[in-house]
Amino acid sequence: MFGIQFIKTQPTTHVMQFRKGRIVREGAGLSFFYFAPDSTLVLVPLASKDSTFMLELQTSDYQSVTVQGQVSYRVSNPKRTAALMDFSLAANGKGYASEDPQRLGERVAMQATVIIQQAIQALDLKQALQANADIARTAQQQLGAQPEMEALGLEILGVSVVAIKSPPDIARALEAHAREANLKAADDAIYLRRMAAVQNERSVRQNELDTEIAVEQKKRE
């Protein structure tokens, strides 16, 4: 019959069928026939998704760093997601009617960007280059508590910061500084060992001299 269509969804997809503004059928992984002219189908993916980011940020000492990582999230409340963003199917049943499903990941990444930027701006360059794990942990905690994430019905599964890198010239300068510091530490260790050897030798000679003086005194007695 003209207008009757069939849809089959995966268990990781939540389907809502609207008719005259009301939900008449919903659930995950449903398969059913529907009358297209008077129905609107909303499909919200429930599977976890990853949103990657690469940011150019500035530390507290005005040094540029590149931060690379990703945010893992999933839709935990599809009704909230569908209420704020358009996940309805196109009239022909192929693809979405809007670009909102693609923009969901962008909104998550944008919130993560704000949090990570604040974390980087609170550190100097040397601290930031060693703070991958701390920044990732902070971003996950704060992102999960964001009102927008709750309003969108999202659950933040994790935030990872893969790399924090400085520009090549700054990296070379830091390597040179670290190398010089290591060489100085080695030189200092050698100097301390030599000083200790000299001091020990002096102590030995002093003991020998004291012994000789004591022997002489004994002879005189």
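The values are calculated or read from the model by the stated rules, or taken from the named source; none is laboratory data. For clarity, every value in this text was computed on a predicted model and none was experimentally measured. Ideal geometry is used to build each Cβ from the backbone, glycine not excepted, and the neighbour counts take in all protein chains shown. Accessible surface areas use protein heavy atoms only, side chains included; no ligands, DNA or RNA. Shrake-Rupley method; radii C 1.70, N 1.55, O 1.52, S 1.80 Å.
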Original post:
If only one of F32, F6, F2, F18 is among the aromatic types (F, W, Y) and open to solvent by less than 20 Å² (accessible area, probe 1.4 Å), which one is it?
Top reply: F32
Original post:
Is it the case that segment 93-101 has a residue that's in contact (Cβ under 8 Å) with a residue 40 or more places away in the chain, within 30 Å of F35 (Cβ to Cβ), open to solvent by 80 Å² or more (accessible area, probe 1.4 Å) and in a helix (DSSP H, G or I)?
Top reply: no
Subject >> Filter result for the condition that a residue is open to solvent by less than 60 Å² (accessible area, probe 1.4 Å) and part of a helix (DSSP H, G or I), over V108, V114, V71 >> reply: V108
Subject >> Scope segment 74-92; condition within 24 Å of A139 (Cβ to Cβ) and either open to solvent by 30 Å² or more (accessible area, probe 1.4 Å) or free of Cβ contacts under 8 Å to residues at least 60 places away in the same chain (or both); matching residues >> reply: R74, S76, N77, R80, L84
Subject >> Enumeration of residues in segment 43-66 that are in a strand (DSSP E or B), surrounded by fewer than 13 Cβ atoms within 10 Å (Cβ to Cβ) and in contact with a Leu (Cβ under 9 Å, 6 or more places away or on another chain) >> reply: none
Subject >> E148, sole failed condition from (1) without any contact (Cβ under 8 Å) to a residue 40 or more places away in the chain; (2) loosely packed, with under 15 Cβ neighbours inside 10 Å >> reply: (1)
